[in-house]
Every structure is written in structure tokens, then in C-alpha cells.
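S.K.: A single structure is presented below for examination.
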Amino acid sequence: YYIAGSDGAKREKVFSLYDFPRIPPSSNYPGTIYKKGGAVLGMLRYELGDPIFFQALREYLHENKYGNVSTQILKDKLEEVSGKDLSWFFEQWVYGKGWPKLEIKLEERESAHYKMYVRQIQPDSCGLYTNLPIEINYADCDSFPIYRIFKVNSRLDSFDIGELCHYDGDIINVNKGPTLRSLIEVASVSIVS
């Protein structure tokens, strides 16, 4: 919704969540802040897990009630509670601009066994994304749905999918599973037998 929505990136242009421009077509409260911000918080929740994410938010809100806060204060609290260095996450999603744009190719290696290639094709100005989770959904040969999460870490990554049979509808779905929604744009999905 952020990428293609009428009050998101297509209208406001591409900018970071941090220190965003406050001139038209943006504003003091641009759609990007709400839509990209919400998506980024959802991905942060996935990265940390619910117990740690919500504990950190409770502590952050309690310690900072009636005061002024900054992105750095939030990052520090999340890192303190989780014990993780989240610099990479904030650099990509808060301080960086844009989002990953992916080309996905399924290649049959042997009868009904596939390998998936994920290529990042976003402009160089948007950087290279690492630790990027994408959820893939497909059906096994008995039409039973399978949901898998893969972490993309380079310009081109490959993953073994295993057995994959054709069925009515799409052979795979990207970013439509029950676990997470990554802020990605899927440029194309192709299948090579």
C-alpha cells in the first residue's frame, strides 16, 4: 500500500523515515511516515519476536512518558531489551530510503524439484538489503499449502525449494503468508522448466 498507494511513495517520492523533507509533495505528516513506518515496525516486530518487541515498547513508553524522544532512544531501548545490535536494521529501513525490488526466478533442477533465485534490482541509491525476510507460499504435490521464510542477504541469493507441483492458480505467492509482510516490491516471478 505504501509503494503504490495514492498518498505513498508514488506521489510523495522516495525518502527515508528519518529527517524526511517537509516540502511538497510531502508535508509535515506525509503518508510515507505512516505507511512505511507501520511496515517497518511490523518487520522489526518479526525480527525481535513478540515478547521482546512488546517488552521493549512498554519500557520505552514508561521511561519516556511526558517527554521528548528520538529515533536513537527507541533504537537503544530495543537493543538493550533484545541484546541485539540493530544498526543494520535502522540503517536500511529508517535512515535509508526506498525499498527492495525483487526479481524471483524458479528453476527446475530435476523432475518437480526447484531452486529459487532472488535478485535485488532496486536502484543503487537505495542500497543493498540484508537480513531481508520474504515469505513464500506454494502447494506441494498434494495441494497442501507450504509457507516458508527465506532471508535474502545479497544482490543474488538462491534457495532450494524442493518438490513443487503446478496447480490451478499461481505456482507461488510472495509476501502473502500468515507470518510477516516485508516491505518489498516484486518486479517479476518467472519459472524455468
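The values are calculated or read from the model by the stated rules, or taken from the named source; none is laboratory data. Note that this is a predicted model, so its numbers are computed, not measured. Positions of Cβ are generated from backbone atoms using ideal geometry, with glycine treated the same way; all protein chains shown enter the neighbour counts. Side chains are part of the model used for accessible areas, which takes the heavy atoms of the whole protein and leaves out ligands, DNA and RNA. Shrake-Rupley method; radii C 1.70, N 1.55, O 1.52, S 1.80 Å.
S.K.: Please identify the longest segment of the chain free of exposed chymotrypsin sites (Phe, Trp or Tyr not before Pro), where exposed means a DSSP state other than H, G, I, E or B and no more than 16 other Cβ atoms within 10 Å.
M.R.: The answer is 67-166.
S.K.: Continuing with the same structure: Let me know the Rg and Dmax you get for the chain when you use only its Cα atoms, in Å.
M.R.: 18.7, 62
S.K.: Roughly how many nanometres apart are two label points built 7 Å out from the Cα toward the Cβ at Ile33 and Lys176?
M.R.: Output for this residue pair reads 3.4 nm.
S.K.: Here's another thing I want to ask about it. How high is the relative contact order of the chain, given as a whole-number percent (alpha carbon pairs under 8 Å, six or more residues apart)?
M.R.: 21
S.K.: Report, in listed order, any pair from Lys75/Lys151; Lys36/Lys65; Lys36/Lys75; Lys105/Lys151 with a Cα-Cα distance greater than 20 Å.
M.R.: Pairs exceeding the cut-off: Lys75/Lys151; Lys36/Lys65.
S.K.: Could you calculate the FRET efficiency of Lys65 with Asn131 from 1/(1 + (r/R0)^6), where r is the beta carbon distance between them and R0 is 35 Å, rounded to 0.05?
M.R.: Numbers: r = 32 Å, r/R0 = 0.91.
It comes to 0.65.
S.K.: While we're here: What does the accessible area per residue of the chain come to in Å², with a 1.4 Å probe and no ligands, DNA or RNA counted?
M.R.: 55
S.K.: Can you work out the FRET efficiency for the pair Ile52 and Lys13, with r the C-beta to C-beta distance and R0 = 45 Å, to the nearest 0.05?
M.R.: Once the sixth-power term is evaluated, E becomes 0.85.
S.K.: Can you tell me the orientation of helix 31-48 relative to the chain, as the angle in degrees between its alpha-carbon axis and the longest Cα principal axis, to the nearest 10?
M.R.: The angle comes out at about 70 degrees.
S.K.: Taking Cα atoms, how many degrees apart are the long axis of helix 71-82 and the longest axis of the chain, rounded to 10 and kept between 0 and 90?
M.R.: Roughly 60 degrees between the two axes.
S.K.: Defining a contact as two alpha carbons under 8 Å apart and six or more residues distant in sequence, what relative contact order in percent does segment 104-182 show?
M.R.: Relative contact order here is 35 percent.
S.K.: Counting helices only, and only those DSSP H runs with n ≥ 4, report the 222 nm mean residue ellipticity of the chain as the sum of -39,500 (n - 2.57) divided by its residues, in deg cm²/dmol to the nearest 500.
M.R.: Only helices count here, giving -8000 deg cm²/dmol.
S.K.: Which of Gln92, Gln72, Gln120 moves the most in a Gaussian network model of the chain with Cα springs under 10 Å?
M.R.: Judging by the Gaussian network model, the answer is Gln72.
S.K.: Spin-label point model (7 Å from Cα, Cβ direction): what's the Trp88 to Ile149 distance in nm?
M.R.: So the label points at Trp88 and Ile149 sit 1.5 nm apart.
S.K.: Would you look at the GNM of the chain, springs on alpha carbons closer than 10 Å, and say which of Val81, Val14, Val69 moves the most?
M.R.: Judging by the Gaussian network model, the answer is Val69.
S.K.: Mind putting together the pair-distance distribution for segment 35-100? All Cα pairs, 5 Å bins, whole percent per bin, short to long.
M.R.: Histogramming segment 35-100 at 5 Å steps yields 3, 17, 29, 27, 17, 6, 1, 0 percent.
S.K.: Students sometimes get this wrong: rank Thr179, Thr130, Thr32 by accessible area, probe 1.4 Å, all chains present, largest first.
M.R.: The most accessible residue leads, giving Thr179, Thr130, Thr32.
S.K.: With angles folded into 0 to 90 degrees, how steeply does helix 50-64 sit against the dominant principal axis of the chain? Use alpha carbons for both and round to 10.
M.R.: 10
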